[in-house]
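Okay, so here's the structure we're looking at.
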Amino acid sequence: MREQSKPTSSGNAASAESLRDRFVYGAVGLAIIFLALWAGLVLIVPSLIYILWVSVGELVDMFSRRGIRLSRSFLLVSGVLTLLASVLSLKMFYPEVPWREIALGLVILYAFGQALFSGADITNLAFNLMAYLYVPWMLGYFVLLRYSPDGSLGIVTLSLPILATFATDIGAFFVGRSLGRRKLAPTVSPNKTVEGSIGGIVAAFLVLVGYTWLIQGVFPFGHGELLIFSLLISLTAQLGDLTESMIKRYCGVKDSGEFLPGHGGILDRLDSLIFTIPLTYYLLVIFT
């Protein structure tokens, strides 16, 4: 998710092309995501494994620029194990068993064992565990939220953070581009502005108000709770965006990869959803 500050006259043509591509890729991406999520596990699991494969490759390549050797095998194996545990957590087999917590424990043991037999590099161990929590662990929540509160309503519930995240991105882009003055996090992402952040929050709320009005019952609370929900989701979406910007700045790269040549990697597209999907699941479990 990217936000641009107000362009100069010389950059109008490039900005217009970037804006057009932003909408095209965003619309296509949303359509693909909703198709996979609507189809259920038969498409969700393969899609998430593919996302896991690409995103792990991007993380490994980025951190290698800083001399940090992330273990591709560890992240892929632990990621698939976590996705499997997420599926089992849908009360398919032995619903009383905390499958994801078991997977997390096994992953931690695996990480320490691998570190002990490959040089006992504590710093490298910490980075590998951080990378696991950042992508593989978070991806499992796509499965959990898709089937919460049940399989028939899960796709509608899951659409809330997706639409709010997309609206935050677009609102922050437009407001930051036209009104942005005060820097939000200059050391991490110089183009982000306070005005853009507020614009993203407002856009998320307006989109969710319209969506919940069109589809009655998708959000089981009133407008006050919807305002709080949209605020939390929008802020979390921006946190996810800034987190990935922080990682890219640390690694000295502009984009996480070349998944979309000229428009960044897959983590550049999913950075906010990686945070907003789990938060929505937490809120759903706590308040419903």
Q. How do the pairs read when you match residues in the range 271-284 that are touching a residue at least 40 places away in the same chain (Cβ under 8 Å) and over 12 Å from L158 (Cα atoms) with residues anywhere that are open to solvent by 10 Å² or more (accessible area, probe 1.4 Å) and not in a helix (DSSP H, G or I), using Cβ under 7 Å and keeping only pairs 6 or more apart or on different chains?
A. D271/M1; S272/M1
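Filter the range 55-75 for residues that are in contact (Cβ under 8 Å) with a residue 40 or more places away in the chain, part of a helix (DSSP H, G or I) and either open to solvent by 30 Å² or more (accessible area, probe 1.4 Å) or among the small types (G, A, S) (or both) and give the result.
From the range 55-75, those in contact (Cβ under 8 Å) with a residue 40 or more places away in the chain are 55-59, 61-63, 65-66, 68-71, 74-75; that's our starting set.
Then keep just the ones that are part of a helix (DSSP H, G or I); that gives 55-59, 61-63, 74-75.
Matches in the range 55-75: S55, G57, D61.
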(Q) Here's a check for you: in the range 189-237, which residue that is touching an Asp or Glu at 6+ places or on another chain (Cβ under 6 Å) and not polar (S, T, N, Q) is surrounded by the fewest Cβ atoms within 10 Å (Cβ to Cβ)? (A) K192
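Could you tell me whether L90 is in contact (Cβ under 8 Å) with a residue 24 or more places away in the chain, part of a helix (DSSP H, G or I) and open to solvent by less than 70 Å² (accessible area, probe 1.4 Å)?
Values: in contact (Cβ under 8 Å) with a residue 24 or more places away in the chain: yes; part of a helix (DSSP H, G or I): no; open to solvent by less than 70 Å² (accessible area, probe 1.4 Å): yes.
No: the conditions fail for L90.
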Q. With respect to G240, is the statement that it is closer than 26 Å to L48 by Cα, open to solvent by less than 30 Å² (accessible area, probe 1.4 Å), touching a helix residue (DSSP H, G or I) at 6+ places or on another chain (Cβ under 8 Å) and among the small types (G, A, S) true?
A. yes
Q. For the range 264-286, how many residues are surrounded by fewer than 24 Cβ atoms within 10 Å (Cβ to Cβ) and not in a helix (DSSP H, G or I)?
A. 1
**Q.** Candidate set: the range 243-254, residues that are in a loop (DSSP other than H, G, I, E, B) and open to solvent by 40 Å² or more (accessible area, probe 1.4 Å); chosen: the one nearest to A204 (Cα to Cα)
**A.** K254
(Q) Can you confirm whether F74 is over 16 Å from L139 (Cβ atoms) and of a type in the set (F, W, Y)? (A) no
Q) Looking at the range 245-270, which of its residues are in contact with a Phe, Trp or Tyr (Cβ under 9 Å, 6 or more places away or on another chain) and either farther than 21 Å from R66 by Cα or acidic (D, E) (or both)? A) L260, H263, D268, R269
Q: Tell me, yes or no, whether the range 103-113 has at least one residue that is open to solvent by 70 Å² or more (accessible area, probe 1.4 Å) and either charged (D, E, K, R) or within 22 Å of T236 (Cβ to Cβ) (or both).
A: no
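The values are calculated or read from the model by the stated rules, or taken from the named source; none is laboratory data. What you are looking at is a predicted structure, and each value in this text was computed from that prediction instead of being measured. All Cβ positions, even for glycine, are placed from backbone atoms using ideal geometry, and neighbour counts span all protein chains on display. These area figures cover heavy atoms from the full protein model, side chains too; ligands, DNA and RNA do not enter into them. Shrake-Rupley method; radii C 1.70, N 1.55, O 1.52, S 1.80 Å.
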